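Peer 1: Shown below is the structure under consideration.
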Amino acid sequence: QLQLVESGGGLVQPGGSLRLSCAASGFTLDYYAIGWFRQAPGKEREGVSCISSSGGRTNYADSVKGRFTISRDNAKNTVYLQMNGLKPEDTAIYYCARRRGPGIVQAMCLMTPRVYEYDYWGQGTQVTVSS
């Protein structure tokens, strides 16, 4: 059964850090780029970061560049998002997703991820940044 499960969200003060995990089951990550997205109340879901299947390429939204770091461990079938210097505007539900296939593009992360490029989604984990 194909599944993506996010974890690691929570409540932190501005300037704090969180590390999100995206654990996959039912498939292996080796041939898929993985994206992180977020959605705040009343807002559209937006791309935060993506990582190519090999981990060799990453991209970030301008709003998080320099603060967030995406990584993956294909042996553990897991992708991570390290979030530092968190701001109140980072408050959202964070989702991970698998790049749509088939084809070679499913392995690619060439720019900030777009929702329509991804097919399987986790249930999300809440990140709240507040004092």
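The values are calculated or read from the model by the stated rules, or taken from the named source; none is laboratory data. Every value quoted in this text rests on a predicted model; they were computed, and no experiment measured them. Cβ atoms come from the backbone with ideal geometry, glycine included; neighbour counts cover every protein chain shown. Areas reflect the complete protein model, heavy atoms only, side chains present, ligands, DNA and RNA absent. Shrake-Rupley method; radii C 1.70, N 1.55, O 1.52, S 1.80 Å.
One line per residue, one yes/no per condition, for (1) closer than 15 Å to Tyr118 by Cα; (2) modelled with pLDDT of 95 or more; (3) over 16 Å from the mean Cα position of the chain (by Cα):
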position	(1), (2), (3)
Gly8	no, yes, no
Leu11	no, yes, yes
Pro14	no, yes, yes
Leu20	no, yes, no
Ala23	no, yes, no
Thr28	no, no, yes
Phe37	yes, yes, no
Lys43	no, yes, yes
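Peer 1: Residue under question is Asn59, and the condition is that it be over 19 Å from Gly16 (Cα atoms), in contact with an Asp or Glu (Cβ under 7 Å, 6 or more places away or on another chain) and of a type in the set (S, T, N, Q); does it hold?
Peer 2: no
Peer 1: Give the residue, chosen from Gly101, Gly42, Gly15, Gly66, that is within 30 Å of Ser130 (Cα to Cα) and touching a residue at least 40 places away in the same chain (Cβ under 8 Å). Spell out how you get there, then give the answer.
Peer 2: On the way: Gly101 fails: within 30 Å of Ser130 (Cα to Cα); Gly42 fails: touching a residue at least 40 places away in the same chain (Cβ under 8 Å); Gly66 fails: touching a residue at least 40 places away in the same chain (Cβ under 8 Å).
When all the criteria are applied, what remains is Gly15.
Peer 1: Continuing with this model, one more query. Name the single residue that is farthest from Ala61 (Cα to Cα) among those in region 1-50 being among the polar types (S, T, N, Q) and open to solvent by 30 Å² or more (accessible area, probe 1.4 Å).
Peer 2: To start, the set of residues in region 1-50 that are among the polar types (S, T, N, Q) comprises 1, 3, 7, 13, 17, 21, 25, 28, 39, 49.
Cutting the leftovers down to open to solvent by 30 Å² or more (accessible area, probe 1.4 Å) gives us 1, 3, 7, 13, 17, 25, 28, 39.
On the way: Gln1: 31, Gln3: 25, Ser7: 21, Gln13: 22, Ser17: 18, Ser25: 27, Thr28: 26, Gln39: 14 Å.
Checking each candidate, the answer is Gln1.
Peer 1: Every residue in region 63-88 that is assigned to a loop (DSSP other than H, G, I, E, B) and open to solvent by 20 Å² or more (accessible area, probe 1.4 Å), please.
Peer 2: Here is the first cut: in region 63-88, the ones assigned to a loop (DSSP other than H, G, I, E, B) are 63-67, 77, 84-87.
Ser63, Lys65, Gly66, Arg67, Asn77, Asn84, Gly85, Lys87 - these are the residues of region 63-88 that are assigned to a loop (DSSP other than H, G, I, E, B) and open to solvent by 20 Å² or more (accessible area, probe 1.4 Å).
Peer 1: To continue, here is another question. Return the residue satisfying two criteria in turn: it lies in region 31-60 and is in contact with a Ser or Thr (Cβ under 6 Å, 6 or more places away or on another chain) and not in a loop (DSSP other than H, G, I, E, B), and of such residues it is nearest to Met111 (Cα to Cα).
Peer 2: Step by step, filter region 31-60, then rank; the result is Asn59.
Peer 1: Looking at (1) in contact (Cβ under 8 Å) with a residue 24 or more places away in the chain; (2) within 19 Å of Gly122 (Cβ to Cβ), which is the only condition Ser71 fails?
Peer 2: (1)
Peer 1: Within region 110-125, is even one residue closer than 18 Å to Leu2 by Cα, open to solvent by 20 Å² or more (accessible area, probe 1.4 Å) and part of a loop (DSSP other than H, G, I, E, B)?
Peer 2: Yes, that holds for at least one residue.
Peer 1: Can you spot a residue in region 19-26 that is in contact (Cβ under 8 Å) with a residue 24 or more places away in the chain and on the phi > 0 side of the Ramachandran plot?
Peer 2: Initial filter on region 19-26 (in contact (Cβ under 8 Å) with a residue 24 or more places away in the chain): 19-26.
From what's left, on the phi > 0 side of the Ramachandran plot: 26.
Taking every residue of region 19-26 in turn, at least one turns out to be in contact (Cβ under 8 Å) with a residue 24 or more places away in the chain and on the phi > 0 side of the Ramachandran plot.
Peer 1: Take the residues in region 89-104 that are exposed (fewer than 13 other Cβ atoms within 10 Å of the Cβ) and assigned to a helix (DSSP H, G or I), then tell me which one is modelled with the highest pLDDT.
Peer 2: Glu89
Peer 1: Here's another thing I want to ask about it. Could you check, for region 91-109, whether at least one of its residues is among the polar types (S, T, N, Q) and in contact with a helix residue (DSSP H, G or I) (Cβ under 8 Å, 6 or more places away or on another chain)? Before you say what the answer is, go through the steps one by one.
Peer 2: Residues of region 91-109 that are among the polar types (S, T, N, Q), as a first pass: 91, 106.
Restricting the remaining residues to those that are in contact with a helix residue (DSSP H, G or I) (Cβ under 8 Å, 6 or more places away or on another chain) gives 106.
Yes, some residue in region 91-109 is among the polar types (S, T, N, Q) and in contact with a helix residue (DSSP H, G or I) (Cβ under 8 Å, 6 or more places away or on another chain).
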